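Chemist: Below are the structure tokens for one structure; questions will follow.
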Amino acid sequence: EVVVLNVNNNRLGISQLVPSYKLDVYEDDGDTFVAQFQNDGNNANRHGIRIQCGADDGSGTTYFLGAYDGDGGITGFIKTVSGTFSLADVSDVRLKKDIVDTSVKGLDSINAIKVRDFKWKKNNELVTAGFIASELKEICPHIVDGELDDLNEDGSIKPMTISRELLVPVLTKAVQELSAKVDAMQIEINNLK
């Protein structure tokens, strides 16, 4: 590793000869993370990273974290807009093509999803109204990442994950379908009068 401190600009580069930021770390090693912050005392009061930035009164838009793909294209942000904290996906029409209405059947999908209560094996904590990734993958595969029984190289579980925000369009489609049914029923009722 090459560690360079650019004293003129007060910038620290790790594996970066000319750092672009106050702390600029570069890594090109597959299937690993670039950094780790650990505060482990086997207690819930051990917090992770604190990020402080933006207007003192919380107004405007403050970007706490930007997420970029391999060639530097933005994929999303963790930000606050006028006091509302959110995880925001990039969704600009100028970045999309082949736009068509979805073929997803919202009501059918939502009605097929199993909502489960369960306890985590690790801590016996109860989850009320949650999902099981492998069950959800059968109905909405685009919401689930990973494969059942997948393992990391060291033999540990490589867990399946759920992107809950991807349920929002399916829920929206279901509401639209319900609205169309209500409208059709209202027309029938009006015709009977």
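Nothing in this text is a laboratory measurement; each read-out follows from the coordinates by a stated rule. Note that the structure is a prediction, hence the values are computed from the model and not measured. For neighbour counting, all protein chains shown are included, and Cβ atoms are generated from backbone atoms with ideal geometry for every residue, glycine included.
Chemist: In the set Lys181, Lys137, Lys158, which member is of a type outside the set (Val, Ile, Thr), within 17 Å of the chain's Cα centre (by Cα) and either closer than 26 Å to Thr32 by Cβ or surrounded by 10 or more Cβ atoms within 10 Å (Cβ to Cβ) (or both)?
Modeler: Every option except Lys137 fails the conditions.
Chemist: If you go through the stretch 154-187, how many residues are among the β-branched types (Val, Ile, Thr), assigned to a helix (DSSP H, G or I) and under 21 Å from Glu138 (Cα atoms)?
Modeler: 3
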